[in-house]
1. Just to be sure I understand the filter: pairs with C-beta atoms under 8 Å, separated by 6 or more residues or on different chains, first member in segment 50-77 and surrounded by 10 or more Cβ atoms within 10 Å (Cβ to Cβ), second member among the polar types (S, T, N, Q) and assigned to a loop (DSSP other than H, G, I, E, B). Which pairs pass?
2. Restricting to segment 40-77, what's the tally of residues that are on the phi > 0 side of the Ramachandran plot and not in a loop (DSSP other than H, G, I, E, B)?
3. Could you check segment 13-39 and list, in sequence order, the residues that are modelled with pLDDT of 70 or more and part of a loop (DSSP other than H, G, I, E, B)?
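The values are calculated or read from the model by the stated rules, or taken from the named source; none is laboratory data. None of these values were measured; they are calculated from a predicted model. Here the Cβ positions follow ideal geometry from the backbone for every residue, glycine too, while neighbour counts run over all protein chains shown.
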Amino acid sequence: MSSVTGSLPRFRRSRSAPTDDSPRHAWRIIVVFGLLALVVWGLLSVNVVPLALDVREGEVSQTNVRSPRKLTYTSQVRTKAER
């Protein structure tokens, strides 16, 4: 086996790190908060909760209403009427 010689790679440091009071740093903060505000606004503007249906007795519904599960109902009145 051969041994590996050499040193670990050295990474360059940035020439001048922006300070907290630099205009460039302030613009980054403004842009990040602006993007965050747009994302939050977009999420909140989506209708997650369905609206209540405006259905009155005797009128034809404008939308189809479906049950989340199958339900069978046997009407005793209609059963007697058909007998």
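1. The qualifying pairs are V55/S61.
2. 0
3. Once the filter is applied, which keeps residues that are modelled with pLDDT of 70 or more and part of a loop (DSSP other than H, G, I, E, B), segment 13-39 yields only S22.
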